[in-house]
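Following: one structure in structure tokens, then a few remarks.
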């Protein structure tokens, strides 16, 4: 395959730049029309913007649904919401669910409404780490109307996770069963981080550390591992205790590392043989200091 003719290449770049500049100009005009409540200009510009950026179909659907600057038309609202990019604008899915549940512009269909709500929730979950925010966010999305019955049931399921960090951890790990490049993987990692540092959940910090090590994010992994170990997770204590003696970190001293292994041994995650092998590498005073540290409670984190 030969190279593009330079003139053709220049024309492509020039036309692309022209389209971008035109889109920006339309956006600026539209923003000004909205701010000044100029419905004539809003009606002229919004359909044009939607052709350039499909995200504007969400705004177009909203205006047809509410009758704001456009004549209220539920059928056209459904058409517009259907054209919005649902992965980045799950609000369109909620609105489609609402319109189908209450038979606005379309025959009432509860099953279709449920399907739209489920898809919307799936996309919302991929973007959130705090499930307690789902309900108020959805109420804003639905313009402070009462939460539709079917959506309310689904939200309750996710809200229940907020009361049990172990359930939330299981939920996050389920996301992480997907391929490393998937959105679900990234969402699971974000949730683990939130559970670890915001909710101070030691087990979640340990799993977060493991995934960071797998992604070769050594510093982030080590910090999460130390956090988990100091919060009392025995698996984290075993792993961080071994790092120093495996020559994998310059950040810990031998006394601290052995004291972590002693705590892990007491919890059953390090064997007596492992402990014996490490003791052979230590001076008598190091063993004494480590045993003294391990006998005391961990300091508040």
Exercise. Quick one: is residue 8 within 22 Å of residue 91 (Cβ to Cβ), modelled with pLDDT under 85 and in a helix (DSSP H, G or I)?
Worked result: no
For this session: Return the only residue of 275, 192, 282 being outside any loop (DSSP other than H, G, I, E, B) and buried (at least 17 other Cβ atoms within 10 Å of the Cβ).
Result: 192
For this session: Identify the residue in region 87-123 that is outside any helix (DSSP H, G or I) and over 23 Å from the mean Cα position of the chain (by Cα) and, among all such residues, is modelled with the lowest pLDDT.
Result: 102
For this session: Collect the residues in region 236-253 that are closer than 21 Å to residue 295 by Cβ and at pLDDT 85 or above, keeping them in residue-number order.
Result: 236, 237, 238, 240, 241, 242
Problem set entry | Filter result for residue 189 (more than 22 Å from residue 170 (Cα to Cα), touching a helix residue (DSSP H, G or I) at 6+ places or on another chain (Cβ under 7 Å) and free of Cβ contacts under 8 Å to residues at least 40 places away in the same chain) | no
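The values are calculated or read from the model by the stated rules, or taken from the named source; none is laboratory data. All values reported here derive from a predicted model rather than from experimental measurement. Positions of Cβ are backbone-derived with ideal geometry, glycine not excepted, and every protein chain shown enters the neighbour counts.
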